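The values are calculated or read from the model by the stated rules, or taken from the named source; none is laboratory data. Note that the structure is predicted; figures quoted are calculated from it, not measured. Every residue, glycine among them, receives a Cβ derived from its backbone with ideal geometry; neighbour counts consider all protein chains shown.
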Amino acid sequence: MIEPNFRIPIPVTSRGSFALAVSDSKVFLNKIVGTVADFETRTLSQYFRGVITEATKNAITKIAHEQKLSPLELESIVFEVANAVRGLLAKTILDYGLDLRLFNIEAIKLNAVGATIIVSSGDNGVANSGCNCNSTLPISMQNCACLKDSGSGTCSYPTNNTWTGAGYFPSFPATSPYVVAVGATQGPEDSSTEISCQSDEGGYITSGGGFSTYYNQKSWQSKLITDYIDNLSSSEVPTDGFNILGRGYPDVSLIGVYYQVVIKRWFQTGC
């Protein structure tokens, strides 16, 4: 987007998750047949990721233009923008014979019938999207997750705590209370001590984790989290910027390097 005062381009990103459900199978098939090579979940996910990304970009641009907002002002009304984007997205998705479903509502329905939803905790540490800094712009205009304010004052949704700081952007739907979030570890693959998977320690990713901004901490987590924080050395205490009373994630962790992956009867070594 173009910043109206200085007339310079500013990258604008959005994050979120939606569930899609087929509401009209005839419309869906007529629209999709001949467009994608197959109907596997992976193929359809990739296709609709492109559709939703383009529709979201157009929706945010439309909202900013109609309300005469600069890119820097969008973050102050992020909750209102999200609702408006969802409404505009619904019209696009309807053309494919699909309905947009709020993730948590659908997750609760699945939980109620005994289904467990497994979600990755992310590959980019606590910053989630990682640092995407553009040194040609002032810091205040950079899209850099490790520098951006992540205190409670930036949230449009009511929180259960107040805090200040920067750099923490929890990964949804891993933070949802209705999923089991899984993180990655490393070490056992070369007979070393098992630790959280970290790129600067030889891991291919840095496992996501932290505390939800919006969802309250579960009662069974409280003592574990308190004991963990209390036993950190002075050099291990994390910098400010996260909601210490938020839902902690991941719930469990498994080896995240050099593991066997089986896809259609073919074995591969995962990174």
Original post:
Does region 253-266 include one or more residues that are modelled with pLDDT of 90 or more, closer than 14 Å to Gly210 by Cα and either more than 26 Å from the chain's Cα centre (by Cα) or surrounded by 10 or more Cβ atoms within 10 Å (Cβ to Cβ) (or both)?
Top reply: yes
Subject >> Within region 32-64, tally of residues that are assigned to a helix (DSSP H, G or I), of a type in the set (S, T, N, Q) and either without any contact (Cβ under 8 Å) to a residue 40 or more places away in the chain or surrounded by fewer than 11 Cβ atoms within 10 Å (Cβ to Cβ) (or both) >> reply: 6
**OP:** Kindly provide the set of residues from region 164-207 that are in contact with an Asp or Glu (Cβ under 8 Å, 6 or more places away or on another chain) and within 20 Å of Asp149 (Cβ to Cβ), ordered by number.
**Re:** Thr164, Gly165, Ala166
**OP:** Run Gly210 past the list (1) at pLDDT below 90; (2) at positive phi; (3) within 21 Å of the chain's Cα centre (by Cα) and report the number of the one that doesn't hold.
**Re:** (1)
**OP:** Quickly run through region 2-31 and pick out the residues that are part of a strand (DSSP E or B) and either modelled with pLDDT under 80 or not assigned by TED's automatic domain parsing to the domain that holds Glu73 (or both).
**Re:** Ile2, Glu3, Ile8, Pro9, Phe18, Ala19, Leu20, Ala21
**OP:** Quickly run through region 178-218 and pick out the residues that are without any contact (Cβ under 8 Å) to a residue 60 or more places away in the chain, of a type in the set (Ser, Thr, Tyr), within 17 Å of Val126 (Cβ to Cβ) and outside any helix (DSSP H, G or I).
**Re:** Ser196, Ser212, Tyr214, Tyr215
**OP:** Could you please give the count of residues in region 152-166 that are part of a loop (DSSP other than H, G, I, E, B) and at pLDDT below 85?
**Re:** 7
**OP:** Working only within region 61-104, note down all residues that are modelled with pLDDT of 75 or more and among the polar types (S, T, N, Q).
**Re:** Thr61, Gln67, Thr92, Asn104
Subject >> Tyr228 being of a type in the set (Ser, Thr, Tyr), modelled with pLDDT under 85 and surrounded by fewer than 17 Cβ atoms within 10 Å (Cβ to Cβ) >> reply: no
Subject >> Residues that are under 30 Å from Thr41 (Cα atoms), in contact (Cβ under 8 Å) with a residue 60 or more places away in the chain and not hydrophobic (A, V, I, L, M, F, W, C), drawn from region 221-258 >> reply: Arg247, Tyr249, Pro250, Asp251, Ser253, Gly256, Tyr258
**OP:** Answer yes or no as to whether Gln221 is over 30 Å from Cys155 (Cβ atoms) and either outside any loop (DSSP other than H, G, I, E, B) or in contact with a helix residue (DSSP H, G or I) (Cβ under 7 Å, 6 or more places away or on another chain) (or both).
**Re:** no
